[in-house]
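Structure first, commentary second.
The values are calculated or read from the model by the stated rules, or taken from the named source; none is laboratory data. None of these values were measured; they are calculated from a predicted model. Reconstructed Cβ throughout: ideal geometry from the backbone, glycine too, with neighbour counts over all protein chains shown.
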């Protein structure tokens with residue numbers, strides 16, 4: 001991959017995700033949706049068009065930095081934030097109500113053969129698992145990068 | 001922290017992607033992501049109920065009315081409140097002497113007689129029992145609180161705001177309604193600011209403990225005022 005193109009980095013990530021089974025497929029569709037959504041142009045001047053500030057007045061294709069942020073946001077949302085919501089819920093129900101496991105029902109075709117008969121799976125069975133310390137450190141660095149970009153966009 | 005270069009970002013992303021285990025027991029998709037997020041918001045609603053509930057009245061129950069459940073089962077897709085296909089879990093609490101239930105993903109009949117589902121809803125226990133007895137979804141005036149939960153990696157589109165306002169129009173008598181999301185949107189926030197529209201609770205996620213706490217307190221306050 002050339003080092004100088006954000007678009008090429010996105011293509012590289014898309015190719016990597018395509019090799020990651022159904023989970024990669026889902027992350028890929030979320031990435032594509034996020035890119036397709038574009039970047040909202042926000043009205044900052046209250047009097048313009050007789051409308052209130054804060055409204056979206058259109059969308060545009062993201063610039064390089066915004067595209068990187070879109071990419072990192074997708075990884076962060078599904079690899080960090082969603083698993084954290086599940087951990088928070090299961091810990092709370094365990095500590096306050098002695099719940100040993102939280103399970104979600106689904107159509108059996110969406111479950112692995114091992115749990116198909118019950119029609120449900122442990123809620124964390126849906127989530128990607130990242131255990132390697134090095135990868136967790138990498139995610140934290142990506143998070144810090146995304147925060148930087150979000151900070152810049154608010155300025 | 002200095003901004004990483006493109007090659008450094010690529011290396012970080014590769015590190016993460018290579019570490020993802022694809023050996024999951026179920027498929028993550030949009031529905032399961034939203035249902036899992038709704039379950040987390042259910043936990044926050046439960047915390048709010050604990051703040052206002054009559055002493056020692058909050059507990060978890062399940063559709064088959066088994067002894068206190070060890071496994072809490074949530075719906076991956078909406079269903080009838082009276083369904084016992086699975087031992088679906090819900091919470092029970094008493095406020096001011098009246099019993100309430102907090103449900104995940106159950107359906108209600110709107111004023112148009114169309115069935116709608118809410119990610120989280122609170123209903124008087126008496127009305128929930130009637131629904132179980134008659135095997136009929138509760139009507140439009142039954143829920144006291146309804147929440148739609150959206151988990152997104154990007155900003156909320158205005159269509160989500162439109163959808164919840166349309167949904168709420170079939171349940172005009174429900175005093176508490178919120179759109180809860182880990183994400184945000186200035187347009188949706190503006191759209192929902194109008195009187196009698198559902199409120200937007202944005203940035204609700206564990207990495208934002210201040211927002212979590214604010215949300216729990218705001219809900220508790222609404223429960224005190226409206227239940």
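Laid out as a table, the results:
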quantity	calculated
Residue ID - modelled with the highest pLDDT, chosen from residues in region A:95-124 that are assigned to a helix (DSSP H, G or I) and closer than 14 Å to residue B:39 by Cα	A:123
Candidates B:57, B:77, B:66, filtered to the one that is modelled with pLDDT of 95 or more, surrounded by fewer than 20 Cβ atoms within 10 Å (Cβ to Cβ) and in a loop (DSSP other than H, G, I, E, B)	B:57
Set A:43, A:48, A:68: member being at pLDDT below 85 and either facing another protein chain (nearest Cβ under 8 Å) or surrounded by fewer than 18 Cβ atoms within 10 Å (Cβ to Cβ) (or both)	A:48
Any hit, region B:38-45, residues being buried (at least 21 other Cβ atoms within 10 Å of the Cβ) and at pLDDT below 95	no
Subset of region B:1-11 that is within 13 Å of residue A:146 (Cα to Cα) and in contact with a helix residue (DSSP H, G or I) (Cβ under 8 Å, 6 or more places away or on another chain) - its residue that is surrounded by the fewest Cβ atoms within 10 Å (Cβ to Cβ)	B:1
Residue in region B:144-167 that is closer than 24 Å to residue A:89 by Cα, surrounded by fewer than 19 Cβ atoms within 10 Å (Cβ to Cβ), more than 14 Å from chain A (Cβ to nearest Cβ) and touching a strand residue (DSSP E or B) at 6+ places or on another chain (Cβ under 6 Å) present	no
Condition met for residue B:49 (within 8 Å of chain A (Cβ to nearest Cβ), in contact (Cβ under 8 Å) with a residue 24 or more places away in the chain and touching a helix residue (DSSP H, G or I) at 6+ places or on another chain (Cβ under 8 Å))	no
Residue in region B:14-27 that is touching a strand residue (DSSP E or B) at 6+ places or on another chain (Cβ under 6 Å), on the phi > 0 side of the Ramachandran plot and within 13 Å of another protein chain (Cβ to nearest Cβ) present	no
Residues satisfying the stated conditions in region A:125-142, i.e. farther than 22 Å from residue B:38 by Cα and either buried (at least 18 other Cβ atoms within 10 Å of the Cβ) or facing chain B (nearest Cβ under 7 Å) (or both)	A:130, A:132, A:134, A:135, A:138, A:139, A:141, A:142
Residue list for region A:125-135, restricted to those being under 15 Å from the mean Cα position of the chain (by Cα) and in a helix (DSSP H, G or I)	A:126
Unique residue being in contact with a helix residue (DSSP H, G or I) (Cβ under 7 Å, 6 or more places away or on another chain) and facing chain B (nearest Cβ under 7 Å) when the list is A:97, A:92	A:92
Conditions (1) within 23 Å of residue A:43 (Cβ to Cβ); (2) buried (at least 17 other Cβ atoms within 10 Å of the Cβ); (3) away from chain A (no Cβ under 14 Å); number of the one not met by residue B:171	(1)
